[in-house]
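The values are calculated or read from the model by the stated rules, or taken from the named source; none is laboratory data. A quick note: this is a predicted structure, and the numbers were derived from the prediction, not measured. Cβ placement follows ideal geometry from the backbone for every residue including glycine, while neighbour counts extend to all protein chains displayed.
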Amino acid sequence: MSCLATIRTCVFVATLLVLTTPAFSQEKKLTEARELQLTAPVEPNGNANRRNPRPDVPPMPMPEPRMENKTAGAKTPANNALSKPQTEIKIEFAEDASQPVLVMDVVGGFRMKSPDGFEPTPMLQIFSDGRVLTGRKSPLVKEVKGQLDLVDLQSLLVFVSDDCRFFDITSEMVKSDLEANRIGRIMDAGTTEVTVNLKEHSNRVGVYALPNVAGKFANVPSVGSMIAITSRCRRVISMTRLGSEKEAMNALQSVNKSVANEDSDVPEFTLVNLQYAEQFVDGRRTATFVQEFTDGEKNMMAHATYQIDAKGIDSATLSVVEQRKQRGR
């Protein structure tokens, strides 16, 4: 493995984390009320000795993708009407099960040139039978397979189609809404694309520089919906890449142990705070948790990274920064 390839991967991962962090607060607020209707709540940590999380950002439940080790016989039948969420748009799939029903990707923008012979794949593909495939933008990263329970898949698509009104949104609409709110020009950013293909409905929406505009323009309906959709998709990606719910809990316990060892004012993390996870071809794994909290009158942002090296040794690191107020807010 060349040093240049390693450097390229590090640059890509660092850039992705920088871009996704500013959108964290608004995504959390936007999805909270909607996901409360679709998922079970997360138990509070009950730690009264730590500072309280942001009072204006209540805990949000975690979507629970079922991992690949779940057997086919354990799935809920797709034709079980009692288990299906109610939806305004009929959630039916085309006969070709090889085509994904939901795809999320980031295209364009400034990035390192891919090595010869390497073809990047979409960040997320979900198929009608619940199969999940997370993509890669570097040859050092693994594509990871997972499995959503069919009821969870239905809930996700109801969330996208009804709660977020995805089929009423167009790329031109989002662009026009942003221009109407006088957004400044952002250079060399990527375009976040979401595609949903149902039997009777199909739509693709691309938003230029979505992570960059999320913080200031989340109250614009079309932008807010796209933030909520991509936020939920990223959680599916992260849980799939971690490999199992047990691995997710191991990562969570490790970062909270790091918080306790630092004797900091950071509240304990929960799975709600899981923002990004990755698997590498050499066996390394990483998971990043992000949360906002208040320290007196200061708004703070805490990042915790859990990693397993190629030898299987795990560790966790914590960093805390004060957030600057955005202009015009």
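So, in the stretch 113-143, of the ones that are hydrophobic (A, V, I, L, M, F, W, C) and over 21 Å from residue 210 (Cβ atoms), which residue ends up modelled with the lowest pLDDT?
First, pick out the residues of the stretch 113-143 that are hydrophobic (A, V, I, L, M, F, W, C): 118, 123-124, 126-127, 132-133, 140-141.
Checking the rest, the ones that are also over 21 Å from residue 210 (Cβ atoms) come to 118, 127, 132-133, 140-141.
Values: 118: 89, 127: 97, 132: 97, 133: 97, 140: 93, 141: 94.
The extreme case among them is 118.
Is it true that residue 174 is under 30 Å from residue 309 (Cα atoms), β-branched (Val, Ile, Thr) and crowded, with 20+ Cβ neighbours inside 10 Å? Working first, answer last.
Working: under 30 Å from residue 309 (Cα atoms): no; β-branched (Val, Ile, Thr): yes; crowded, with 20+ Cβ neighbours inside 10 Å: yes.
Answer is no for this residue.
In the set (1) out of contact with any Pro (no Cβ under 9 Å at 6 or more places or on another chain); (2) more than 15 Å from residue 238 (Cα to Cα), residue 250 fails one condition alone, (2).
Here is the figure for the stretch 263-294: residues that are surrounded by fewer than 17 Cβ atoms within 10 Å (Cβ to Cβ) and closer than 21 Å to residue 132 by Cα total 2. Taking the criterion of being hydroxyl-bearing (Ser, Thr, Tyr) and either touching a Cys at 6+ places or on another chain (Cβ under 8 Å) or more than 27 Å from residue 309 (Cα to Cα) (or both), the residues of the stretch 114-163 that qualify are 128, 155, 161.
One line per residue, one yes/no per condition, for (1) in contact with a strand residue (DSSP E or B) (Cβ under 9 Å, 6 or more places away or on another chain); (2) farther than 27 Å from residue 124 by Cα:
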{"site": "263", "(1), (2)": "no, yes"}
{"site": "274", "(1), (2)": "yes, no"}
{"site": "280", "(1), (2)": "yes, no"}
{"site": "295", "(1), (2)": "yes, yes"}
{"site": "305", "(1), (2)": "yes, no"}
{"site": "312", "(1), (2)": "no, no"}
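For residue 193, the conditions (1) free of Cβ contacts under 8 Å to residues at least 60 places away in the same chain; (2) in contact with a strand residue (DSSP E or B) (Cβ under 8 Å, 6 or more places away or on another chain); (3) not hydrophobic (A, V, I, L, M, F, W, C) are fulfilled apart from (1). The numbered conditions (1) within 21 Å of residue 104 (Cβ to Cβ); (2) under 19 Å from the mean Cα position of the chain (by Cα); (3) modelled with pLDDT of 90 or more; (4) not in a helix (DSSP H, G or I) are all true for residue 269 except (1).
Can residue 260 be described as buried (at least 20 other Cβ atoms within 10 Å of the Cβ), in a helix (DSSP H, G or I) and not basic (Lys, Arg)?
Values: buried (at least 20 other Cβ atoms within 10 Å of the Cβ): no; in a helix (DSSP H, G or I): yes; not basic (Lys, Arg): yes.
Taking the combined requirement at face value, the residue does not satisfy it.
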